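Heads up: the structure comes next, in structure tokens.
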Amino acid sequence: MRKLLAGLALLLLVAGALIAACDDGEEASEPLRIGYLADRSGSLAELGDVVSVGVELAVQHLNEAGGVNGQDVVLLSGDTKVNPTQGVEEARRLVEVEGVQAIVGAISSTVTLAVTESVIGPAGVVMITPSASSPALSTSNDRDFLFRSAPSDVAKGVILAALAREEGLDNVGLLYRDDAYGQGLAEVFTQHFGGAVSAASYSALGQTSYLAELEQAASGGADLLVVVAFPGEAEVFLRESIEHGVFTKFVFADATRSEDLAAKIGAAHLDGSKGTAPGSGPDEPSTAAWNQAYVAQFGEDPARAYVREGYDAVIAIALAAEAAGSNDSAAIRDQLRNVVQPPGRTVIAGPEGVAAALEAVRNGEEIDYDGAASPLDWNATGDLVTGFVEIWEYRGGKIVPIESRHFDLR
């Protein structure tokens with residue numbers, strides 16, 4: 001009887017070990033799942049679709065180089081419709097149902113803030129937004145799981161104000177979206193402009209007419225309007241402003257950097273108007289390598305901002321997972337800053353650069369990934385401390401980059 005019991009105990013011990021080994025094997029074989037959380041059907045659908053090109057290109061480069069932790073990276077999508085409630089629901093679906101270990105997104109600041117405080121922070125899932133710029137995100141309850149691959153409006157608003165001053169202006173109207181994005185950028189702009197600002201906000205829920213807000217922005221006598229808006233809304237009030245002769249000259253913030261918008265309004269109405277957007281260093285090796293790879297695949301440079309930033313967000317997540325030897329979100333978070341800052345071998349964007357970066361990490365080397373858009377130098381709140389802001393101009397309905405201005409918030 002004792003021999004029988006001992007035999008059974010041995011069998012149970014072996015079975016337990018085999019189950020544990022199988023479980024470990026299954027866990028190790030799980031692919032890195034990245035969710036792309038963006039507006040695909042609302043007022044920022046144009047931007048969500050454009051950024052997805054950079055996100056998908058990054059996944060392509062990673063998988064061509066052998067994937068992450070021995071498996072191809074899997075990309076899954078969610079549509080926020082620029083609605084915080086919808087964004088939270090989609091984020092929960094991606095995390096709890098689809099099993100993503102990291103998210104790229106959201107696109108708008110308001111949705112990003114809601115998702116961060118309702119899902120990302122509580123669940124402990126890494127999220128890198130390629131475009132949300134509100135300063136409010138720096139103090140969100142994210143438990144250090146939220147990062148940005150695009151600059152905060154703390155940097156962009158200062159350069160937008162400088163651009164308006166350089167246009168010879170000391171009195172402007174300002175029309176901004178009444179949400180985290182619009183409020184944050186409007187506040188930074190007003191603080192740094194140094195002249196008179198007649199500001200008016202409009203509902204983030206959308207309006208059929210903006211004439212009252214336009215007239216409020218013109219009440220100080222300004223003949224130029226600073227536009228802080230999404231493209232779908234800007235199309236309505238720009239046409240209304242031009243038709244009623246309220247404003248016919250404009251300076252644009254980043255979200256309205258859109259050739260589609262110029263086509264809908266009429267290129268002649270916007271010709272010569274300038275704006276700002278996240279930029280990249282044209283002389284940076286990583287930017288040059290990425291530009292070459294993008295043109296080789298698509299035949300032209302990207303016409304919209306945030307494509308490079310979407311790419312960088314995916315690559316940073318993947319390199320951190322490879323460095324951690326794990327697809328666990330907390331492990332990825334703990335390695336994110338390590339793979340994008342010195343000391344370490346400098347690695348760059350593009351298919352060859354990504355392949356070299358993955359190989360270096362697999363060989364146990366420390367790396368410093370310089371992104372396609374910026375060096376990805378993150379501070380304690382996950383904000384970029386250095387990078388570039390582009391000055392651009394509408395010419396004949398096309399967007400023409402003029403210069404990239406470096407910023408340093410250290």
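The values are calculated or read from the model by the stated rules, or taken from the named source; none is laboratory data. Not measured: the values here are computed from a predicted model. A quick note on method: Cβ atoms are made from the backbone with ideal geometry, for glycine too, and the neighbour counts reach across all protein chains shown. Accessible surface areas use protein heavy atoms only, side chains included; no ligands, DNA or RNA. Shrake-Rupley method; radii C 1.70, N 1.55, O 1.52, S 1.80 Å.
Per-structure values
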item: Subset of segment 295-333 (residues that are in contact (Cβ under 8 Å) with a residue 12 or more places away in the chain, open to solvent by 20 Å² or more (accessible area, probe 1.4 Å) and part of a helix (DSSP H, G or I)); result: Gln297, Phe298, Arg308, Glu322, Ala323, Ala330, Arg333
item: Arg395 being modelled with pLDDT of 95 or more, over 16 Å from the mean Cα position of the chain (by Cα), closer than 30 Å to Ala161 by Cβ and open to solvent by 10 Å² or more (accessible area, probe 1.4 Å); result: yes
item: Number of the exception - Leu358 against (1) open to solvent by 10 Å² or more (accessible area, probe 1.4 Å); (2) touching a strand residue (DSSP E or B) at 6+ places or on another chain (Cβ under 9 Å); (3) of a type outside the set (Gly, Ala, Ser); result: (1)
item: Boolean, Glu233 is modelled with pLDDT of 95 or more and either under 25 Å from Ala267 (Cβ atoms) or not small (Gly, Ala, Ser) (or both); result: no
item: Extreme residue, most open to solvent (accessible area, probe 1.4 Å), among residues of segment 272-294 that are closer than 23 Å to Ala360 by Cβ and of a type in the set (A, V, I, L, M); result: Ala288
item: Every residue from segment 338-356 that is at pLDDT 95 or above, in a loop (DSSP other than H, G, I, E, B) and within 21 Å of Gly281 (Cα to Cα); result: Val339, Ile348, Ala349, Gly350
item: Pair list, Cβ under 7 Å, 6 or more apart: segment 257-273 residue within 18 Å of Val246 (Cα to Cα), other residue assigned to a helix (DSSP H, G or I) and open to solvent by 20 Å² or more (accessible area, probe 1.4 Å); result: Ile265/Glu235; Ile265/Arg239; His269/Ile242
item: Residue satisfying condition, being at pLDDT below 95, of a type outside the set (Phe, Trp, Tyr) and touching a helix residue (DSSP H, G or I) at 6+ places or on another chain (Cβ under 7 Å), within set Asp254, Asp223; result: Asp254
item: Residue that is farthest from Asn171 (Cα to Cα) [pool: residues in segment 183-196 that are of a type outside the set (Gly, Ala, Ser) and open to solvent by 40 Å² or more (accessible area, probe 1.4 Å)]; result: Gln183
item: Helices (runs of 4 or more DSSP H) enclosed by segment 2-94 - at least 3 residues per element that are modelled with pLDDT of 95 or more, over 21 Å from Ser118 (Cβ atoms) and open to solvent by less than 30 Å² (accessible area, probe 1.4 Å); result: 45-64
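Rundown of residues vs (1) among the β-branched types (Val, Ile, Thr); (2) under 17 Å from Gly245 (Cβ atoms), yes/no style:
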residue: Phe193; (1), (2): no, no
residue: Ser198; (1), (2): no, yes
residue: Ala204; (1), (2): no, no
residue: Gln207; (1), (2): no, no
residue: Gln216; (1), (2): no, yes
residue: Gly220; (1), (2): no, yes
residue: Leu224; (1), (2): no, yes
residue: Val228; (1), (2): yes, no
residue: Ala234; (1), (2): no, no
